[in-house]
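Working notes, beginning with the structure itself.
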Amino acid sequence: MSIAVRVQHEDFSVADEYQALVGSSDCGAVVTFTGLVRELAEGGLQALHLEHYSGMTEQVLEQVARQAQQRWQVEQLTIVHRIGNLALNEQIVFVGVASPHRCAGFEACMFVMDFLKTQAPFWKREETSSGSAWVAAKATDQVAAERWQVSDVSA
Amino acid sequence: MSIAVRVQHEDFSVADEYQALVGSSDCGAVVTFTGLVRELAEGGLQALHLEHYSGMTEQVLEQVARQAQQRWQVEQLTIVHRIGNLALNEQIVFVGVASPHRCAGFEACMFVMDFLKTQAPFWKREETSSGSAWVAAKATDQVAAERWQVSDVSA
Amino acid sequence: MVKVKFFALLRERLNCNEIDVDLPAGATVNQLREKLALLHPDWTRELYDQELLCAKNYTFVDWSEPLADGDEVALFPPVTGG
Amino acid sequence: MVKVKFFALLRERLNCNEIDVDLPAGATVNQLREKLALLHPDWTRELYDQELLCAKNYTFVDWSEPLADGDEVALFPPVTGG
């Protein structure tokens, strides 16, 4: 059982992350999630800026990963999150899980994403043709995290 | 909205499949599942043989993919399943979903895997040091498929 | 004439990949099974396995499904792919 | 002495990345907030935003959390990563 957490400016390679996950022995199921910079409903997105709280971010991500490993049978769990300026269609976040069983893999991956979205100190600012604005938190993300009924990821 | 279904002897590249998924425009979330040949609990697995019902398999997989696209907002859905002889740790199956939202991506990917497991005419035979045996269907797979409450994928 | 295909463990146990069967018009898959058991009494136990699945022309059907000339029927055990 | 960091929209609105604050022993995060509002009355509205989150030494805490000399406190809006 092993955890890898990285917060970085550089892009990541899903191919390399996948290979690292299957390199861990005897995993029958590998689930990956990749989040990318999307165009806005109203259009005009020029770039996304990602701010984070260095030190706390890494700690929260490791706690979330450890909680996932406690709840599900997970052999390898990788979280990579980018910071800084990202262009349209660039990769933002990767969560990969290698598990003996597909249900455990899917649930652990969803759990990590739901808690990352609501607990990890990252903030997005959207640069559009009409200016720059911080992204508002989504109630749906809060609801998604609450379905796991874990009150405190820092526990 | 596009679907790709392949049943093949050759291995597949998760890196290439991922690139094809993100190549579809404006997908904020890409979820992939990869199933690999696992060692048995009791050990001794030498190879896995995968038989299928040519013609029906492809049709069932396309129906499952279309159902996923009807239920969730999915821009691109890829299913690749191998047949023939596979060695330990080889890749068996890939399901990839590009979606505007992560929850839709996760659910569509799980749905496809659950129905593939219970509806697509593939059969596994395990070759071990003590002989060869067909794999028995798992009740847990049936339960996983039933949670989606779709009575008939061929509808 | 209906073409019947067998797969996996069933194919091995019957030692038969496929067989053509003459059926009266409107016969069901269950009547096809009865005819197969008459033609091959040693297949009876496998053909009446409770878990056996059947498909007609690449689509899952019930045993009560009516058959027409030229249909392809497949009989097989529960699937185990993925 | 406690170090206070601000992030994202809050940092921009206060026009302040971080500030050191002297506090009596055993003061809470809420008392830290009161002191900040006394020192910078124009920050009051932002500091009392209902959605504001606080962390002490990289861990989320309640406003009633007691602080000690050398602690690092962070105040920030709801997170929006991923």
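The values are calculated or read from the model by the stated rules, or taken from the named source; none is laboratory data. Fair warning: this is a prediction, and the values are worked out from it, not measured in the lab. Reconstructed Cβ throughout: ideal geometry from the backbone, glycine too, with neighbour counts over all protein chains shown.
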(Q) Of everything in the stretch A:5-24, what is among the hydroxyl-bearing types (Ser, Thr, Tyr) and in contact (Cβ under 8 Å) with a residue 12 or more places away in the chain? Give them in sequence order. (A) A:Tyr18, A:Ser24
Q: Could you please find all residues in the stretch C:66-79 being over 14 Å from the mean Cα position of the chain (by Cα) and buried (at least 22 other Cβ atoms within 10 Å of the Cβ)?
A: C:Val79
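Matching residues to (1) surrounded by fewer than 20 Cβ atoms within 10 Å (Cβ to Cβ); (2) at the interface with another protein chain (Cβ under 9 Å from one of its Cβ atoms); (3) within 16 Å of C:Tyr58 (Cβ to Cβ); (4) in contact with a Ser or Thr (Cβ under 9 Å, 6 or more places away or on another chain):
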position: B:Ala41; (1), (2), (3), (4): yes, no, no, no
position: B:Gly44; (1), (2), (3), (4): yes, no, no, yes
position: B:Leu48; (1), (2), (3), (4): no, no, no, no
position: B:Tyr53; (1), (2), (3), (4): no, yes, yes, no
position: B:Leu77; (1), (2), (3), (4): no, no, no, yes
position: B:Gly84; (1), (2), (3), (4): yes, no, no, no
Q. Regarding B:Val153, is this residue within 30 Å of A:Met113 (Cα to Cα), within 12 Å of chain C (Cβ to nearest Cβ) and at pLDDT below 95?
A. yes
Q. Which of the residues belonging to the stretch B:27-47 are outside any loop (DSSP other than H, G, I, E, B) and over 17 Å from B:Phe94 (Cα atoms)?
A. B:Leu45, B:Gln46, B:Ala47
Q.
With within 26 Å of B:Leu40 (Cβ to Cβ) and either at pLDDT 95 or above or of a type in the set (Ser, Thr, Tyr) (or both) as the only criterion, which of A:Val31, A:Val5, A:Val95 stands out?
A. A:Val31
Q) Which residues, taken from the stretch A:3-23, are surrounded by 14 or more Cβ atoms within 10 Å (Cβ to Cβ), farther than 18 Å from B:Leu21 by Cα and either among the polar types (S, T, N, Q) or within 13 Å of chain B (Cβ to nearest Cβ) (or both)? A) A:Ala20, A:Leu21, A:Val22
Q.
Which pairs turn up if I take residues in the stretch A:85-109 that are touching a residue at least 24 places away in the same chain (Cβ under 8 Å) and look for partners that are hydroxyl-bearing (Ser, Thr, Tyr) and surrounded by fewer than 19 Cβ atoms within 10 Å (Cβ to Cβ) with beta carbon separation below 6 Å, at least 6 apart in sequence or on another chain?
A. A:Ala98/A:Ser24
(Q) Quick check on the stretch D:18-36. Is at least one of its residues within 14 Å of D:Pro78 (Cα to Cα) and within 14 Å of chain A (Cβ to nearest Cβ)? (A) no
Q: Those residues that are among the aromatic types (Phe, Trp, Tyr) and not in a helix (DSSP H, G or I), I need them from the stretch C:11-65; list them, please.
A: C:Tyr48, C:Tyr58, C:Phe60, C:Trp63
Q: Scan the stretch C:66-82 for residues that are assigned to a strand (DSSP E or B) and more than 9 Å from chain B (Cβ to nearest Cβ) and jot them down.
A: C:Pro66, C:Val73, C:Leu75
Q) So A:Trp72 clears everything in (1) in contact (Cβ under 8 Å) with a residue 60 or more places away in the chain; (2) aromatic (Phe, Trp, Tyr); (3) more than 10 Å from chain B (Cβ to nearest Cβ); (4) over 16 Å from D:Gly81 (Cα atoms) except one condition, right? Which one? A) (1)
**Q.** Selection count, the stretch A:25-42, where residues are under 15 Å from the mean Cα position of the chain (by Cα) and of a type outside the set (Phe, Trp, Tyr)
**A.** 6
**Q.** Matching residues in the stretch D:35-64 - criterion: being more than 22 Å from A:His52 (Cβ to Cβ) and crowded, with 16+ Cβ neighbours inside 10 Å
**A.** D:Lys35, D:Leu36, D:Ala37, D:Trp43
Q | Residue match in the stretch A:96-107 (condition: out of contact with any Cys (no Cβ under 8 Å at 6 or more places or on another chain) and within 14 Å of chain D (Cβ to nearest Cβ)) | A | no
Q. Name the residues in the stretch A:111-146 that are basic (Lys, Arg), closer than 15 Å to B:Arg102 by Cα and in contact with an Asp or Glu (Cβ under 8 Å, 6 or more places away or on another chain), would you?
A. A:Lys117
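Okay, residues lined up against (1) closer than 20 Å to B:Gln59 by Cβ; (2) within 10 Å of the chain's Cα centre (by Cα); (3) among the aromatic types (Phe, Trp, Tyr):
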| position | (1), (2), (3) |
| --- | --- |
| C:Lys5 | yes, yes, no |
| C:Leu9 | no, no, no |
| C:Leu14 | no, no, no |
| C:Ala25 | no, no, no |
| C:Leu36 | no, yes, no |
| C:Glu51 | no, no, no |
Q | Options C:Asp42, C:Asp62, C:Asp20; residue that is more than 12 Å from the chain's Cα centre (by Cα) and at negative phi | A | C:Asp42
Q: Could you tell me which numbered condition B:Gly28 fails, if it satisfies all but one of (1) surrounded by 19 or more Cβ atoms within 10 Å (Cβ to Cβ); (2) more than 8 Å from every other protein chain (Cβ to nearest Cβ); (3) farther than 19 Å from B:Thr118 by Cα?
A: (2)
Q. Can you name the residue in the stretch B:108-121 that is more than 17 Å from B:Val7 (Cβ to Cβ) and hydrophobic (A, V, I, L, M, F, W, C) and, of all such residues, is nearest to the other protein chains (Cβ to nearest Cβ)?
A. B:Met110
Q: Filter the stretch B:122-143 down to residues that are more than 9 Å from chain C (Cβ to nearest Cβ) and closer than 24 Å to B:Val95 by Cα and give me whichever is surrounded by the most Cβ atoms within 10 Å (Cβ to Cβ).
A: B:Glu126
